[in-house]
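Student: Following this message is one structure expressed as structure tokens.
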Amino acid sequence: MDDGPSCNRSVLSCHWGNQQVDTCCSPKYGLVVLALQWVPGYGPDDEFTIHGLWPDTCSGGRAPSRGCDRTRSSNQVGNILKRINPDLHRKMRTYWPSYKGDDNWFWSHEWTKHGTCVSTLRPVCYGDGYRKFQDLEEYFEQVLYLREDYDIYGVLNVAGIFPGGWYSSESMREALQQFFKAKIMLNCNRGGQLSEIMLYFYVNGRENYQITDALGKGSCRGAVWYPKKS
């Protein structure tokens, strides 16, 4: 991403003040949510898998539900990634599986609805050095990097919170908050089973994610069932 506009890497999204900031340099939808899933039967037994990376407005509102650029929407993301970056495709099959069984549909949906709304990944932002599908590839690479950097399973494990038990929602939130220095959102299904954890970020410059407090606690209340995956 070095051939696009010259950007001030110290600019933090949603903290623009009165500055006129190029949306190639700082994301237009500047509060970004990483959603990680815990779904028995899917992904490694000791890893959270990915739901998506969602650019939101600075107040927590959602970007357009049909995405932000129809010209870059695709229903063939799996095939594209398998062709241009087989290693990335293999990692996504491990850490970003669809529990509905159709990975290509899942990834294509996430790219079209959310990835196209990352304003810093627009082809114009790369300048003359842009290559076809570079934006798509870098979106999915970024999500995998974040999942690896924010090891939810590992943090809970160190805190004595292991799959196969009931835990208080507050003890789980506290363990994550103490480690990440930010409030984390926990979501559960109606039976109190942990289903999803959401981390919120601002972005320094174009691609340096800085965790911040989630905009709510999530749906987990009281005792939470943290099941084993298998």
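Student: Kindly evaluate residue 110 against the criterion of being charged (D, E, K, R), closer than 17 Å to residue 35 by Cβ and either part of a helix (DSSP H, G or I) or free of Cβ contacts under 8 Å to residues at least 60 places away in the same chain (or both).
Tutor: So residue 110 passes the test.
Student: Okay, next question. Looking at the stretch 122-228, what helices (runs of 4 or more DSSP H) fall wholly within it and have at least 3 residues that are over 17 Å from residue 46 (Cβ atoms) and aromatic (Phe, Trp, Tyr)? Reasoning before the result, please.
Tutor: Working: elements: 134-149, 152-158, 169-180.
Per the criteria, 134-149.
Student: Surrounded by 14 or more Cβ atoms within 10 Å (Cβ to Cβ), farther than 23 Å from residue 53 by Cα and more than 16 Å from the chain's Cα centre (by Cα): which single residue out of 166, 225 fits that description?
Tutor: The match here is 225.
Student: Are any residues in the stretch 40-51 in contact with a strand residue (DSSP E or B) (Cβ under 7 Å, 6 or more places away or on another chain) and either on the phi > 0 side of the Ramachandran plot or part of a loop (DSSP other than H, G, I, E, B) (or both), and if so, which ones?
Tutor: First, pick out the residues of the stretch 40-51 that are in contact with a strand residue (DSSP E or B) (Cβ under 7 Å, 6 or more places away or on another chain): 42-43, 48-51.
Result: 42, 43, 48.
Student: Follow-up question, since we're still on this one. Can you tell me which residues in the stretch 171-208 are more than 30 Å from residue 16 (Cα to Cα) and free of Cβ contacts under 8 Å to residues at least 40 places away in the same chain?
Tutor: Of everything in the stretch 171-208, those that are more than 30 Å from residue 16 (Cα to Cα) and free of Cβ contacts under 8 Å to residues at least 40 places away in the same chain turn out to be 171, 174, 175, 187, 188, 189, 190, 191, 192, 193.
Student: Taking residue 24 and the conditions (1) crowded, with 20+ Cβ neighbours inside 10 Å; (2) closer than 30 Å to residue 129 by Cα; (3) modelled with pLDDT of 95 or more, which numbered condition does it fall short on, given that it satisfies the others?
Tutor: (3)
Student: Among the residues of the stretch 113-126, which ones are open to solvent by less than 30 Å² (accessible area, probe 1.4 Å) and touching a Ser or Thr at 6+ places or on another chain (Cβ under 9 Å)? Break it down stepwise before answering.
Tutor: Going through the stretch 113-126, the residues open to solvent by less than 30 Å² (accessible area, probe 1.4 Å) turn out to be 114-121, 125-126.
If the condition is that a residue be open to solvent by less than 30 Å² (accessible area, probe 1.4 Å) and touching a Ser or Thr at 6+ places or on another chain (Cβ under 9 Å), then 116, 119, 120, 125 are the ones that fit.
Student: Applying the selection to the stretch 150-163, what residues are touching a residue at least 40 places away in the same chain (Cβ under 8 Å), more than 19 Å from residue 192 (Cβ to Cβ) and open to solvent by 70 Å² or more (accessible area, probe 1.4 Å)?
Tutor: Across the stretch 150-163, there are no qualifying residues.
Student: Here's something else I'd like to know. So residue 129 fits all but one of (1) in contact with an Asp or Glu (Cβ under 6 Å, 6 or more places away or on another chain); (2) buried (at least 17 other Cβ atoms within 10 Å of the Cβ); (3) not aromatic (Phe, Trp, Tyr); what number is the exception?
Tutor: (2)
The values are calculated or read from the model by the stated rules, or taken from the named source; none is laboratory data. Quick caveat: nothing in here was measured; it's all calculated off a predicted structure. Note that we place each Cβ from the backbone using ideal geometry, even for glycine, and neighbour counts take in every protein chain shown. Keep in mind that these areas ignore ligands, DNA and RNA; they rest on the heavy atoms of the full protein, side chains included. Shrake-Rupley method; radii C 1.70, N 1.55, O 1.52, S 1.80 Å.
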